[in-house]
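First comes the structure, then the notes that go with it.
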Amino acid sequence: MSQQDILLETGTNELEIIEFFVNEKTEKGTRTHYFGVNVAKVLEVVEAPEGLDGSEAAAHPSFLGTIPLRDLILPVVDLSVWLNVKREKNVNEPIIVTEFNAMITGFLVSGVTQIHRVNWKDVEPPSKYVASMDTNCITGTVQINDRFVLMLDLEQMLADLDSSNRSQSGQVAVVSDERYRALVADDSTSVRELLRKNFSDANFEVTVVGDGLEAWDKLQAIKAKAHEEGQSPLYYLDAVVSDIEMPRMDGYTLTRKIKEDPVLKVLPVTLFSSLISKGVEHKGKAVKADAQVTKPEFHGLTEKVIDLIKRYKAEASV
């Protein structure tokens, strides 16, 4: 399976998820937990070699070491350890090989079921309690047949495995000499807080929301206010920054709706996602995103947004 095998039109609010499971060993028997990730992050699924096990010397207890995979040395993580689930070990367990944040990582699971096409509107955000947890690893839930599949925040997991990377990401490379206003949409609790801090430190007034639909509702309110007061939306907001993968409405769909709106289309939109790479930049261009920045380049994001705002203002004054 490759990313190229999964073809979706951009901006339709659809995604393909690969469903997999982890079998938990309990006193009452085996309990199966079902999870899902975006197929766009998955390169392939391979069988785990025999003898793959963790080490007490590992930087994190979930790290199982590395295995050769053609021309790669693949780091492998035991997903059950990170989820604090006592996995029932078995033979021929699969490793899901992923690529995002410019990193290739393998995740050991109990099994893989199949690929499902779903609509983001059917992906419900996690409960407010779960979403507020610092260690939250669930970005949404979707019902498939008779079970609920939990959408995992693998970016959060890798950040936990490399806390030094997270601390460096919190630095701000540039500060605007003018006060700007930004609407930021991201479904990850930890990323939202980093974005809030980075943009605030860069001299922004920041409104942060958890998904594209919430951002769209905010924009509709701005549009109504602009109409009532006879102003441009740029009078109230300077930029929109959006993740791509989000429950209810994804970033591609949000961007398309903004750029197709005769009033809101003047707003500069920047997509900020671990999915962005040279191979998929055409998707952002197809929905007319003004800029695309790959996570976790937080430094580049604030600088890119400031430059974009300045360019928009310069063009508007001509």
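Filtered by the rule that a residue be within 21 Å of the chain's Cα centre (by Cα) and either under 15 Å from VAL269 (Cβ atoms) or part of a strand (DSSP E or B) (or both), segment 235-253 gives ALA239, VAL240, VAL241, SER242, ASP243, ILE244, MET246, MET249, ASP250, GLY251, TYR252, THR253.
Here is a yes/no grid of residues against (1) out of contact with any helix residue (DSSP H, G or I) (no Cβ under 8 Å at 6 or more places or on another chain); (2) under 26 Å from GLN156 (Cα atoms); (3) among the aliphatic types (A, V, I, L, M):
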{"site": "VAL263", "(1), (2), (3)": "no, no, yes"}
{"site": "PRO268", "(1), (2), (3)": "no, no, no"}
{"site": "LYS278", "(1), (2), (3)": "yes, yes, no"}
{"site": "LYS283", "(1), (2), (3)": "no, yes, no"}
{"site": "ASP290", "(1), (2), (3)": "no, no, no"}
{"site": "PRO296", "(1), (2), (3)": "no, yes, no"}
{"site": "GLU303", "(1), (2), (3)": "yes, yes, no"}
{"site": "TYR312", "(1), (2), (3)": "no, no, no"}
{"site": "GLU315", "(1), (2), (3)": "yes, no, no"}
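For ASP78, the criteria (1) more than 18 Å from the chain's Cα centre (by Cα); (2) touching a residue at least 60 places away in the same chain (Cβ under 8 Å) hold in every case but one, which is (2).
The lone criterion from (1) crowded, with 19+ Cβ neighbours inside 10 Å; (2) under 22 Å from the mean Cα position of the chain (by Cα); (3) assigned to a strand (DSSP E or B) left unmet by VAL45 is number (1).
Test of understanding: among GLU99, GLU88, GLU16, which residue is in contact (Cβ under 8 Å) with a residue 24 or more places away in the chain, crowded, with 16+ Cβ neighbours inside 10 Å and touching a helix residue (DSSP H, G or I) at 6+ places or on another chain (Cβ under 6 Å)?
Numbers: GLU99 fails: touching a helix residue (DSSP H, G or I) at 6+ places or on another chain (Cβ under 6 Å); GLU88 fails: touching a helix residue (DSSP H, G or I) at 6+ places or on another chain (Cβ under 6 Å).
Matching residue, one of GLU99, GLU88, GLU16: GLU16.
Being without any contact (Cβ under 8 Å) to a residue 40 or more places away in the chain and over 23 Å from PRO233 (Cβ atoms) is the requirement here; does GLU281 meet it?
So GLU281 fits the description; yes.
For every residue, the table says whether it meets (1) more than 27 Å from GLY11 (Cα to Cα); (2) assigned to a strand (DSSP E or B); (3) assigned by TED's automatic domain parsing to the domain that holds THR189; (4) at pLDDT 90 or above.
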| site | (1), (2), (3), (4) |
| --- | --- |
| VAL76 | yes, yes, no, yes |
| ASN90 | yes, no, no, no |
| THR98 | no, yes, no, yes |
| GLY106 | yes, yes, no, yes |
| HIS116 | no, yes, no, yes |
| LYS121 | no, no, no, yes |
| GLN143 | no, yes, no, yes |
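Is it the case that some residue within segment 214-234 is outside the structural domain of GLU124 (by TED's automatic domain parsing), part of a loop (DSSP other than H, G, I, E, B) and within 30 Å of THR141 (Cα to Cα)? No, segment 214-234 has no match at all. One residue stands out in segment 288-312 among those that are more than 18 Å from the chain's Cα centre (by Cα) and in contact (Cβ under 8 Å) with a residue 60 or more places away in the chain: the one that is surrounded by the most Cβ atoms within 10 Å (Cβ to Cβ), namely VAL305.
The values are calculated or read from the model by the stated rules, or taken from the named source; none is laboratory data. Not measured: the values here are computed from a predicted model. We place every Cβ from the backbone using ideal geometry, glycine too, and count neighbours over all the protein chains shown.
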